[in-house]
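Reading through the structure tokens given below for one structure.
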Amino acid sequence: MFQHILVPTDFDEHASRAFDAAVSLAQKFDGKITLLHVYQIPPSIYSSDLAWPTEQLAAAAKKSLADALAKAQRTFPRIESLLEVGSPGETIVNVANKTQADLIVMATHGRRGLSRALLGSVTEKVVRLAHQPVLTVSIKHD
């Protein structure tokens, strides 16, 4: 049923749990996984003279994704990776459509209150915008 699973990652513990869930599904359905990392270059809001170190941001994202892919391939060999730059929620949905993913499996951080209002929710945006089913994986907080 799920031949191609897209797994967005920000390389934290939550994303690791989502990857584990995706592997279980991919093994069950003999599918493949695309591990996706989307990084965003912050806008210069204070000064037009302020420049973000975009090359360093890209290099760090590329290295982190390569490391995550190498680790993931030890668990599940039918995996590839993609690195994109842009608004995370919208980019995840666009990549899911472009790669014809059957399912998106992603973590939710479970933020509430002010932190959620200030930070927003990438997962919520993906759930609202995606044409594919989205499986959200969370870690219970004690």
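The values are calculated or read from the model by the stated rules, or taken from the named source; none is laboratory data. All figures in this text were calculated on a predicted structure; none of them were measured in a lab. Cβ sites come from the backbone with ideal geometry, for glycine too, and all protein chains shown count toward neighbours.
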Within segment 70-93, how many residues are buried (at least 16 other Cβ atoms within 10 Å of the Cβ), part of a helix (DSSP H, G or I) and within 13 Å of the chain's Cα centre (by Cα)? 5
Enumerate the pairs (first residue in segment 109-138 and more than 29 Å from residue 4 (Cβ to Cβ) and surrounded by 14 or more Cβ atoms within 10 Å (Cβ to Cβ); second residue anywhere and at pLDDT below 90 and among the aromatic types (Phe, Trp, Tyr)) with beta-carbon separation below 9 Å, excluding pairs fewer than 6 apart on the same chain, so at least 6 apart or on different chains. none
By residue number, the members of segment 1-32 that are in contact with a His (Cβ under 8 Å, 6 or more places away or on another chain) and crowded, with 22+ Cβ neighbours inside 10 Å are 8, 9
Only residues in segment 69-90 that are on the phi > 0 side of the Ramachandran plot count as the first member; pair them with residues that are in a helix (DSSP H, G or I), Cβ under 9 angstrom, at least 6 apart or cross-chain, and list the lot. 86/94
Return the residue satisfying two criteria in turn: it lies in segment 76-106 and is of a type in the set (Ser, Thr, Tyr) and modelled with pLDDT of 95 or more, and of such residues it is farthest from residue 31 (Cα to Cα). 91
